[in-house]
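K.L.:
Following this message is one structure expressed as structure tokens.
Bear in mind that the values in this text are calculations on the coordinates, not laboratory data. In this text the structure is predicted, and so the values were computed from the model without any measurement. All Cβ positions, even for glycine, are placed from backbone atoms using ideal geometry, and neighbour counts span all protein chains on display.
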């Protein structure tokens, strides 16, 4: 199983009844697999904050619940997390948070353990798929025993690697009877003061128990008499590690002394002190922040860590060989392959919208999603990208800082899923504070970048059931926005007219540029475009939007279209001023 599949299996076996999540790579597949199990209610929430609150409600009601998100999603969910730590958990409450060392799909490279320490929430970290399954179940047990939410921290490498998994039967604990307890569940200041004291004592208890046999299944010390020659000395070397770096340590130093931490917060101080006393040199191998290292050093234990290892990116077995053994790996030079940056797909409606913005020389305040790729040449339209929903708020800030005329050369662009995630509040703020900018909702009827998940405007739930689809037009009009226009993203002439008209207004405008993602299963291509060389004037205008299905023939100079890639969107056809491109309709 993939790590994410194994976590879903572990949640099922643990008797989870409620799961809420917002899709975010590399966490997405957990929910997509969990929904397949009978007896589990699993949903997509509009954002991670909502998901965390749904799970908290289920926990207070007395059933096991979880929420899932990627690392930056925890930023959105941190508001409920910090207070959920005070309230604790009636039914087991687990947050799956997937970090992304190496920045494969994220806008920053943050370490969830930092947030967990600040929120006083314990963290478990598996190093393979089987551990992911087992630790998920263990997380629910710890949550209920210690009256706390628990974070299960994974990384891209664990979430998306496959490993053998041992399956066990589902065991559903009895629902815990609900008891009204405002002193515990209502966090007004007087109650929160008392609960904070509980949290402090809980941290101490977890740290103490982490060094005992009670947590021996999570925190494992492996001792060896083997010595390693380092810097000319034969030394008894020890490694403290967790998660996927444990696999790298085992690959390079299979017979070394290793303290493998399954619970990485709070740390088992006594166990670490005992382990450190039995080795001549101690290395701490952890990806991203020196979370373990800083605490170990604060206890007066000398160690090597970020003084020789980087603070960014993924680690590897070869990195350990280079940094510790000073090995000359003599690796063959990488093949000189062409650079293949991510691009918008053939037939992508975002390309059509961006081609119009480029023609009009309009800047775009960008957001998180496939459409962020509009930053790249040849479109080069997106100027800024901060976070989910940030495009709209940033446009508002630009107007308030530079004036109405300045933003007539700008628009905010945001996807339909992202708009419902956090863009709604941002647009509400523009309406409330009398902004005049133009927001373009790039509605491709899906959550594209994470793999085509549904959202509240698609009319389908995570389990595939049909449901109410949020009407984006009515939603915007409900905020008092008078200028709300819906345009087919591939009606280039109409789209250009609409953008010109709306950015010129001294009123807030919303344009919904609408066309389904070309990769959706429900998408039906109109046909295939082709170039008539007798009409082609080699002007290159069809190449401006950067569709990967079109290229210039090096010998003839004519444009040619790869029919195996073409989705028949007709963008090139509309851009050709000589009528040299036609559409052959599908039969």
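K.L.:
Report the antiparallel proportion of the DSSP beta bridges in the chain as a percent, rounded to a multiple of 5. Display every interim value, and only then the final one.
P.N.:
Values: 20 of 74 bridges.
Antiparallel: roughly 25 percent of the beta bridges in the chain.
K.L.:
Need one number: % antiparallel among DSSP beta bridges in segment 349-514, to the nearest 5.
P.N.:
Details: 2 of 24 bridges.
Just about 10 percent of them are antiparallel.
K.L.:
Here is a further query. How much mean residue ellipticity at 222 nm does the chain get from its helices, if each DSSP H run of length 4 or more adds -39500 (n - 2.57) and you divide by all residues, to the nearest 500 deg cm²/dmol? Intermediate results must be reported in sequence, preceding the final value.
P.N.:
Details: 19 runs with 192 residues, N = 587.
It comes out at -9500 deg cm²/dmol, rounded to the nearest 500.
K.L.:
Counting other C-beta atoms within 10 Å, which of 64, 321 has the fewest, and how do the rest follow?
P.N.:
Values: 64 29, 321 17.
The most exposed by this proxy come first: 321, 64.
K.L.:
Please tell me the relative contact order of the chain in percent, rounded to the nearest whole number, where contacts are Cα pairs under 8 Å and at least six residues apart. Could you put the intermediate results ahead of the total?
P.N.:
On the way: 1237 pairs, mean separation 62.0, N = 587.
Over the chain, the number comes to 11 percent.
K.L.:
Using only Cα atoms, find the angle between the long axis of helix 189-209 and the longest principal axis of the chain, and express it within 0 to 90 degrees, rounded to the nearest 10.
P.N.:
Result, in degrees: 60.
K.L.:
Related question: As I understand it, the value is the acute angle between the Cα axis of helix 71-87 and the longest principal axis of the Cα atoms of the chain; what does it come to in degrees, rounded to 10?
P.N.:
50
K.L.:
How many nm is it between the label spots at residue 186 and residue 118, if each spot is 7 Å from the Cα in line with the beta carbon?
P.N.:
With each label point 7 Å from Cα toward Cβ, the separation is 3.0 nm.
K.L.:
Another question, if that's okay. So what is the relative contact order for segment 527-585, in percent, with contacts set as C-alpha pairs under 8 Å and at least six apart?
P.N.:
Working: 92 pairs, mean separation 30.3, N = 59.
Dividing the mean separation by the residue count of segment 527-585 yields 51 percent.
K.L.:
Taking only Cα atoms, what is the 0 to 90° angle, nearest 10, from helix 3-13's long axis to the longest principal axis of the chain?
P.N.:
The helix 3-13 is inclined about 60 degrees to the chain.
K.L.:
Further question on the same structure: Which peptide among 75-83, 572-580 comes first, and what is the full order, when sorted by highest mean count of other Cβ atoms within 10 Å?
P.N.:
Details: 75-83: 19.0, 572-580: 17.4.
In descending order of packing, they fall as 75-83, 572-580.
K.L.:
Once you have the Cα-Cα distance between residue 488 and residue 226, take 0.36 nm times their residue separation minus that, and quote the gain in nm to one decimal.
P.N.:
Numbers: separation 262, 0.36 × 262 = 94.32 nm, distance 6.89 nm.
Separation in residues times 0.36 nm, less the Cα-Cα distance, equals 87.4 nm.
K.L.:
Using alpha-carbon positions, what is the distance between the centroids of segment 316-393 and segment 1-33, in Å?
P.N.:
Result: 28 Å between the Cα centres.
K.L.:
Separate question: Nearest 5 percent is fine: what portion of the DSSP beta bridges confined to segment 219-323 is antiparallel? Can you show the working numbers first?
P.N.:
Working: 7 of 17 bridges.
Bridges in segment 219-323 that DSSP calls antiparallel: roughly 40 percent.
K.L.:
Cβ neighbours within 10 Å, averaged per peptide: list 117-129, 502-514 in order, most packed at the top.
P.N.:
Sorting 117-129, 502-514 by mean packing, highest first, produces 117-129, 502-514.
K.L.:
Applying a 10 Å radius around every beta-carbon, put 299-305, 436-442 in order of their mean neighbour count, most first.
P.N.:
Working: 299-305: 14.4, 436-442: 26.3.
Result, highest mean Cβ count within 10 Å first: 436-442, 299-305.
K.L.:
Quick one: length gained pulling residue 162 to residue 61 fully straight, 0.36 nm per residue minus the C-alpha distance? Mind dumping the intermediate values first?
P.N.:
Details: separation 101, 0.36 × 101 = 36.36 nm, distance 3.50 nm.
Answer, rounded to one decimal: 32.9 nm.
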